[in-house]
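The values are calculated or read from the model by the stated rules, or taken from the named source; none is laboratory data. Because the structure is a prediction, the values reported are computed rather than measured. Backbone-built Cβ (ideal geometry, glycine too); neighbour counts: all protein chains shown.
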Amino acid sequence: MNNQDISIGKLSRLKIWITDNHLSDDQWSNTKKFIIIKITTEDGIEGWGEAFSINLREKGIAIIIKELFREISNIPNLSIKSFYNKISLLSDGHRGLDFSSATSAIEIALWDISGKLKNLPLNSLLTKSPKPNVPIYATCWSDLKKDTNDYLRQIEKFYGKKYGGIKIYPMLDNVSISIQFVEKVREIVGDELPLMLDLAIPKDLDKTKSFLKEVSSFNPYWIEEPVDGENISLLTEIKNAFNMKVVTGEKQSGLVHFRELIHRNAVDIFNPDISGMGGLIDIITISNEASNNGISISPHCWNSMSVSASAMLHVCSSISNSEKAEIFPDYINFSKKFCELPFDIVDNKAHINKSAGLGIVIHEDILSRLSIYSLDEKSND
């Protein structure tokens, strides 16, 4: 990877916003807070970042971001590489998702600054020949336990065939009802549209296996989190037992676990969270190692469709083994309230603009009004 050593200079200011719970206009999607940050250098260059938000832990992640900023703000010639090395020393191999979410936000902001310093879009910092667009799929979340018919109506109303694939959450305690739901979704979206199934780590292994055996006739594009990604032996067993692509990685951070999954040939596709993995360096590194072993990358992006989605699309356009990228259509309208998005969705693909860095424009006054918590930290110079 190029351009990790660009001199960013000294950092002067950090701002953090935690948005209020997002609820869709139709009040059917899951509530979600977003953690958005802005870092400013002494020369006035601004970079935007975003951390993966975890329910009830958002302020804790914000505090980690603040403390990390204090650690790096007095480094005179900070670069992305020196930040990465500093984090490696501070964590001593013990990261965890909260810490990795915080480092992801800062590193994304530093990449944004680096792109602006070089007057290049982020994907052109990551590779010499980025792809001009990225195939995408839509994630459709609703509470299947409460109302199956409502979930189906949302799929039909909001998604249909507008995206290059659709991901649903079909797993219930009753396997027969789960299968019937998948069948009805297939009727709505047709036989050709890629259908991703996120099982979200079911608790009953026997029911999971029964479901996987029956659902194969509906030709799912992939099966996400059929078991806990930490249980590599069981994940390998599932992969070998069923002729479907297996996906995991959204809850993992750092390189060690992903390398073990590669070594054990336990998955077909990695989906590290773009704002939770620990930073773009780790995602690019594991992407290269995965590519050498026939594994694809489809970054998880249960975040805003502003900073995180922009970073995800830049990464996907810069790596050779990217799969379809995750878009939450329900979050697009909310993100547009405070952000001018740097991509357009045309013909099932996201087309990224060529502005420097992430290419986003965020309106701080509106973001502040949408937020329940904010922090403004200046360096101690």
Q: Would you check if there is a residue in region 197-216 being surrounded by fewer than 19 Cβ atoms within 10 Å (Cβ to Cβ), among the aliphatic types (A, V, I, L, M), in a helix (DSSP H, G or I) and modelled with pLDDT of 95 or more?
A: yes
Q. Residue check, Trp302 against (1) part of a helix (DSSP H, G or I); (2) under 21 Å from Ser287 (Cα atoms), all met but one. Which one?
A. (1)
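What residue, of Val246, Val267, Val256, Val215, is farther than 19 Å from Trp141 by Cβ, out of contact with any Lys or Arg (no Cβ under 8 Å at 6 or more places or on another chain) and not aromatic (Phe, Trp, Tyr)? If you could, list the steps in order and put the result at the bottom.
Details: Val246 fails: out of contact with any Lys or Arg (no Cβ under 8 Å at 6 or more places or on another chain); Val267 fails: out of contact with any Lys or Arg (no Cβ under 8 Å at 6 or more places or on another chain); Val215 fails: farther than 19 Å from Trp141 by Cβ.
Just a single option satisfies the conditions, and that option is Val256.
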Q | Cross-chain or 6+ apart pairs with Cβ under 6 Å, region 207-233 first and of a type in the set (Val, Ile, Thr), then part of a loop (DSSP other than H, G, I, E, B) | A | Thr208/Pro202; Thr208/Pro226; Ile223/Met244; Ile232/Arg264; Ile232/Ala266
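Please find, among Ile372, Ile345, Ile319, the residue that is in a loop (DSSP other than H, G, I, E, B), in contact (Cβ under 8 Å) with a residue 60 or more places away in the chain, touching a strand residue (DSSP E or B) at 6+ places or on another chain (Cβ under 8 Å) and not aromatic (Phe, Trp, Tyr). Write out each step before concluding.
On the way: Ile372 fails: in a loop (DSSP other than H, G, I, E, B); Ile345 fails: in a loop (DSSP other than H, G, I, E, B).
Being in a loop (DSSP other than H, G, I, E, B), in contact (Cβ under 8 Å) with a residue 60 or more places away in the chain, touching a strand residue (DSSP E or B) at 6+ places or on another chain (Cβ under 8 Å) and not aromatic (Phe, Trp, Tyr) holds for just one of Ile372, Ile345, Ile319, which is Ile319.
Which ones in region 10-30 are at pLDDT below 95 and either within 24 Å of Leu117 (Cα to Cα) or not small (Gly, Ala, Ser) (or both)? I'd like the intermediate steps shown before the answer.
Our first condition is that a residue be at pLDDT below 95; within region 10-30, this holds for 20-30.
Hits for region 10-30 are Asp20, Asn21, His22, Leu23, Asp25, Asp26, Gln27, Trp28, Asn30.
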Q.
Among the residues that make up region 208-227, is at least one of them of a type in the set (Asp, Glu), under 25 Å from the mean Cα position of the chain (by Cα) and within 21 Å of Gly93 (Cβ to Cβ)?
A. no
Q. For residues in region 335-349 being loosely packed, with under 12 Cβ neighbours inside 10 Å and more than 19 Å from the chain's Cα centre (by Cα), which is nearest to Gly165 (Cα to Cα)?
A. Asp347
Q | Matching entry among Ile352, Ile360, Ile327, Ile297 (being surrounded by fewer than 23 Cβ atoms within 10 Å (Cβ to Cβ) and of a type in the set (A, V, I, L, M)) | A | Ile360
Q.
Anything in region 91-124 that is surrounded by fewer than 24 Cβ atoms within 10 Å (Cβ to Cβ), aliphatic (A, V, I, L, M) and part of a helix (DSSP H, G or I)? List them, or say none.
A. Leu97, Leu117
Q | Residue count for region 264-286, restricted to those that are surrounded by fewer than 24 Cβ atoms within 10 Å (Cβ to Cβ) and either among the small types (Gly, Ala, Ser) or assigned to a loop (DSSP other than H, G, I, E, B) (or both) | A | 4
